[in-house]
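The values are calculated or read from the model by the stated rules, or taken from the named source; none is laboratory data. Keep in mind the model is a prediction, meaning the values are calculated, not measured. Here the Cβ is made from the backbone with ideal geometry for all residues, glycine too, and neighbour counts use every protein chain on show.
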Amino acid sequence: MASVKKKTLDQWIREALTDPDKEGKCTMLSLVHMVGAQQKEIHTIKLSGKTYTENQLAELFRGKAETYCQELPGVQTFQLLAFYGKGEPESFFPFIINTTANSDNGLYTEPPTDQGRLQMSMRREEMLIQQVYRRQACMDDMQMRMMQMLSDQNVKLMHENHDAYDIVKTMMMEKALADHNRKMDQLKFERETAERRKWMGWAPPLLNTLLGREVFPQSTADTALVESIADSLGEEEITKLASALKPELWGPLANRMLLHAEKKEREQKQLEAAREFISPDPEADAAGDVVRGKLQ
């Protein structure tokens with residue numbers, strides 16, 4: 001079912017002033033208050049000799065109606081009557097003014113009869129229902145605003161959490177990459193140090209052999225040669241060497257190799273002890289979070 005399109009007061013006045021179905025022009029507009037089935041005249045304007053716009057007339061009559069019923073409780077009904085040179089109105093426009101928010105004290109539209117009692121009861125029921133609907137509307141509006149506020153807060157917290165997660169993830173990836181690079185640099189340094197030690201161990205006997213004279217003391221060359229051989233032999237090769245040599249030869253050689261192994265072990269312990277005082281994280285070291293090589 002299609003809803004009825006309501007006309008405003010100024011639209012009706014414009015149609016009344018230019019109604020082609022009426023004989024002659026509109027000569028008078030009268031505002032009346034409906035008291036039951038009775039009409040009480042409130043204000044009348046004769047249009048002869050004066051010029052009004054429909055908006056001016058609409059504001060005038062509505063203002064008269066609102067002023068008249070401002071102390072009357074409930075919903076008050078008014079009618080605007082249009083006259084066309086005759087004693088009876090030929091066009092009617094009823095409208096209401098709701099004064100429910102006004103005080104319950106004042107003049108009453110209802111007469112002191114059973115019909116008036118029924119009208120009063122209906123008016124009070126209407127006031128009660130309107131009050132309930134206003135309260136519900138206020139509660140619904142407050143609830144909607146609270147829900148919107150919570151929704152906005154949740155969206156904001158989700159964005160902040162996502163941004164914080166991205167920052168932490170980026171920092172962890174950068175730290176992992178930095179740790180990997182430091183580890184690779186450390187391994188490279190240890191490998192290059194071992195290679196230099198190896199070549200320097202072979203240098204004295206090779207130079208003495210190539211030059212045919214004792215550039216380095218023979219004891220130094222012998223020691224470097226024995227240590228280089230010991231470094232190049234594995235456990236299985238040492239076992240084979242021990243079984244191949246005579247005891248009187250293997251004894252001194254094994255003693256020299258044992259001394260070299262102990263020396264390497266001491267150097268390794270010194271290196272590990274030095275590592276304990278090296279921070280794995282330069283940023284933590286700069287921030288003062290490193291104590292004796294360990295993070296707090």
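For residues that are basic (Lys, Arg) and either closer than 21 Å to Lys264 by Cβ or at pLDDT below 90 (or both), scanning just region 156-209, find the one that is farthest from the chain's Cα centre (by Cα). This residue is Lys198.
Within region 35-55, does at least one residue satisfy the condition of being outside any strand (DSSP E or B), within 53 Å of the chain's Cα centre (by Cα) and farther than 25 Å from Gln130 by Cβ? For region 35-55, residues outside any strand (DSSP E or B), within 53 Å of the chain's Cα centre (by Cα) and farther than 25 Å from Gln130 by Cβ: present.
The C-beta contact set for region 169-192 (first residue in a helix (DSSP H, G or I), second residue exposed (fewer than 10 other Cβ atoms within 10 Å of the Cβ), distance under 6 angstrom, 6+ apart or interchain) is empty. Taking first residues from region 1-16 that are more than 25 Å from Gly63 (Cβ to Cβ) and partners that are modelled with pLDDT under 80 and acidic (Asp, Glu), no Cβ contact under 9 Å between residues at least 6 apart in sequence or on separate chains turns up.
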